[in-house]
1. What does the highest-first list of 18-24, 105-111 look like by mean Cβ count within 10 Å?
2. If amide H atoms are built 1.01 Å from N in the plane of the peptide, which residues on other chains or at least 5 residues away come under 5 Å of the amide H of residue 72?
3. What percent does the relative contact order of the stretch 2-155 come to when contacts are Cα pairs within less than 8 Å and at least six residues apart?
4. Express in nm, to one decimal, how much length is gained between residue 1 and residue 114 on full extension, taking 0.36 nm for each residue of separation and deducting their alpha carbon distance.
5. What is the magnitude of the charge dipole of the stretch 2-155 about its Cα centre, with +1 placed on the Cβ of each Lys and Arg, -1 on the Cβ of each Asp and Glu, and no other charges, expressed in debye to the nearest 20?
6. What length, rounded to one decimal in nm, is gained on full extension from residue 124 through to residue 20, with 0.36 nm per residue of separation minus their alpha-carbon distance?
7. Please list, in order along the stretch 112-124, the HN-Hα scalar couplings obtained from phi with the Karplus expression 6.51 cos²θ - 1.76 cosθ + 1.60 (θ = phi - 60°), rounded to whole Hz, x for Gly and Pro.
8. Add -39500 (n - 2.57) for each DSSP H run of 4 or more in the chain, then divide by its residues: what number comes out at 222 nm, to the nearest 500 deg cm²/dmol?
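Every number here is computed from the coordinates shown, using simple stated rules; none is lab data. Quantities reported herein were computed from a predicted structural model and do not represent experimental measurements. In this analysis, Cβ positions are derived from the backbone assuming ideal geometry, glycine residues included, and neighbour counts consider all displayed protein chains.
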Amino acid sequence: MDTNCRAGLALVHRFVPPMVERRRGGLLLMSSMAGFQGAPLVTVYGASKAFLMSLGEGLAEELAPHGVDVLVCVAGATRTPSYLAGKLPDRGRTAIEMEPEAVARIAVRTLGRKPVVVAGAVNRAVRLLLGRLLSRRAAVRLMHRGTRNLYRGGER
């Protein structure tokens, strides 16, 4: 919560006012597929990413008249050091995993064009499934199955 919510908000308070004063700037907030619905075994993480999603969408609308672009980049499984440290060792690379550089390229390319981007075609398809085709309860259960099979937290 400190990293994703409190620190994110503190950075917004520190860097956005000068952008508003200049009438120019860009803010990128990183969210996660886990922020779209309840995310068993990574529940607090998912809730913190939902906070960032809501914060970014609201700020995008608030700051647009001041020349400040806001983008929430929603990443799925991204091969960062913390992701790899939490992944079960016997799980090889999966089709849904993205390299951090690919996610960053998508975010930079999208900043200023729209307020939210889901990085990667597979993640966009999963978002469609979880957000539109399944009930929220079914989406949470599917998310649970995925986190249980992928992360160390699922071994409990």
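1. Going from most to least packed, we get 105-111, 18-24.
2. Counting only residues 5 or more places away or on other chains, the set is 29, 116, 117.
3. 26
4. 38.1 nm
5. Taking the Cα centre of the stretch 2-155 as origin, the dipole is about 400 debye.
6. Using 0.36 nm per residue and subtracting the Cα-Cα distance, I get 34.3 nm.
7. With the stated coefficients, the stretch 112-124 comes to x, 9, 7, x, 9, 9, 9, 6, x, 4, 5, 5, 5 Hz.
8. Calculated mean residue ellipticity at 222 nm is -15500 deg cm²/dmol.
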